[in-house]
Every structure is written in structure tokens, then in C-alpha cells.
1. Take the residues of the stretch 18-67 that are under 18 Å from ILE140 (Cα atoms) and open to solvent by 30 Å² or more (accessible area, probe 1.4 Å): which is modelled with the lowest pLDDT?
2. Of the numbered conditions (1) within 12 Å of the chain's Cα centre (by Cα); (2) surrounded by fewer than 18 Cβ atoms within 10 Å (Cβ to Cβ), GLY112 fails exactly one; give the number of that condition.
3. Please specify each residue of the stretch 124-182 satisfying the condition of being hydroxyl-bearing (Ser, Thr, Tyr), part of a helix (DSSP H, G or I) and either open to solvent by less than 30 Å² (accessible area, probe 1.4 Å) or in contact (Cβ under 8 Å) with a residue 40 or more places away in the chain (or both).
4. Got at least one residue in the stretch 47-54 being of a type in the set (Phe, Trp, Tyr) and closer than 21 Å to LEU162 by Cβ?
5. Among the candidates GLY40, GLY13, single out the residue that is touching a Leu at 6+ places or on another chain (Cβ under 6 Å) and over 27 Å from LEU130 (Cα atoms).
6. Mind listing whichever residues of the stretch 87-105 are more than 14 Å from the chain's Cα centre (by Cα) and either buried (at least 21 other Cβ atoms within 10 Å of the Cβ) or part of a helix (DSSP H, G or I) (or both)?
7. In the stretch 148-157, is there at least one residue being under 18 Å from PHE37 (Cβ atoms) and out of contact with any Asp or Glu (no Cβ under 7 Å at 6 or more places or on another chain)?
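The values are calculated or read from the model by the stated rules, or taken from the named source; none is laboratory data. What you see is a predicted model; the values in this text were computed from it and never measured. Cβ placement follows ideal geometry from the backbone for every residue including glycine, while neighbour counts extend to all protein chains displayed. Heads up: the accessible areas ignore ligands, DNA and RNA and are worked out on the full protein's heavy atoms, side chains in. Shrake-Rupley method; radii C 1.70, N 1.55, O 1.52, S 1.80 Å.
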Amino acid sequence: MALNKQRASLIFGVLAMIGLVVGTFLQGGSLAQKLLFLIGAIALTVLAYLNKLKMFMVIEIVVSLSAILAFVNMAMQLKYLILIGASIVGVGYLIKINFFKEDKWWPIGGLGLLLIAAGLATDATAYPFLFNLFLGLGGIFVAIYSAIGFFLLKVKIALIWLILNIFFSISPMMAVFSKLLG
């Protein structure tokens, strides 16, 4: 039974990961991209919850919220305020439960969380450089955190977030380097 649950979690996570990665290669701010980000983020939130991965759950809740806000027409400042508030609540939760005792590396993932949330809340058509910079750097930090989880802490399902965030960062970082070098 445990193997089936693990296999189902892996398949579910891989499908969510593929959707998110495909979304990074679509036109920034398109409906298809927003939908893939929203569905993928919610799916990974569920996966993190079911596997009791507190840091990934906090990351995905904030990312899901930012993906929802991408559909809402409101001032960027208000979106950032909502996301900063949600991030502070998430970090406060991790501090309250003494998550440092369980995982001293979580601030790396937390920084990635903030950057990805900022990217998803940024209007990709009005601010393409910031959108790509935030998503790319956020993905890199979450990939580093995931690598630590997989290789050092032996959390097997962290491999999904590692692979996801490596691929998730490629397209946005290519856009950033293209803008910086071009």
C-alpha cells in the first residue's frame, strides 16, 4: 500500500511539474500560462500536504495565492502587500513550530518562495524583466533547497521540486540574460 501511495504521489507531482515547466515556456501573462501556474501550484500544495512537507507546503500556498492574484486586476502594490503578508504568515508558522529544529536549511527555500511569489504576482506583459528575474532566481533558490533536501536530508519526493525548479528557471533566466546581454 505504501508503494502505491508513493507511486501515486510521484506521478501526481511529475504531472504538476510538467504543467508548470510548460507554463514557463509560454507567452508571459497568457491565459494558458496563468492556468498552468495555478493548476500546478495547487497540485503541488496538495502533494506537499499529503507528504507532510511543511516548507514545500508553505511555498506552494504562497505560490498558489500569487497564481490566483495573476487573474485579479488590482494595483501591483496591493498584490505585493498580500503576498508579503502571506509570506510573513508562512514564515511565522515555520518559526512558531520551531521548523529550524527539523530543517536548518529552510531559509534558502523561503527566499525562493518570496521571489517566485513576487514573479507570479508581477504583470509579465508590463514588467517582463522583473517577472522573469523573480521567477528565475526564485526557482534557483528552491532548487538549491530541494537539492539539500534530496541529497543531504534524504527526502525522496524533494527530487520533484529539484527537477521542477531547475527546468522552471531555464526560460526565465534565458530571458533575463538575453535582456542583460542584448
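1. PHE25
2. Of (1) within 12 Å of the chain's Cα centre (by Cα); (2) surrounded by fewer than 18 Cβ atoms within 10 Å (Cβ to Cβ), only one is false for GLY112: (2).
3. TYR145, SER146, SER169, SER171, listed by residue number.
4. Among the residues of the stretch 47-54, at least one is of a type in the set (Phe, Trp, Tyr) and closer than 21 Å to LEU162 by Cβ, which makes the answer yes.
5. That would be GLY13, the only listed residue that is touching a Leu at 6+ places or on another chain (Cβ under 6 Å) and over 27 Å from LEU130 (Cα atoms).
6. ILE88, VAL89, VAL91, GLY92, TYR93, LEU94, ILE95, LYS96, PHE99, PHE100, LYS101, GLU102
7. no
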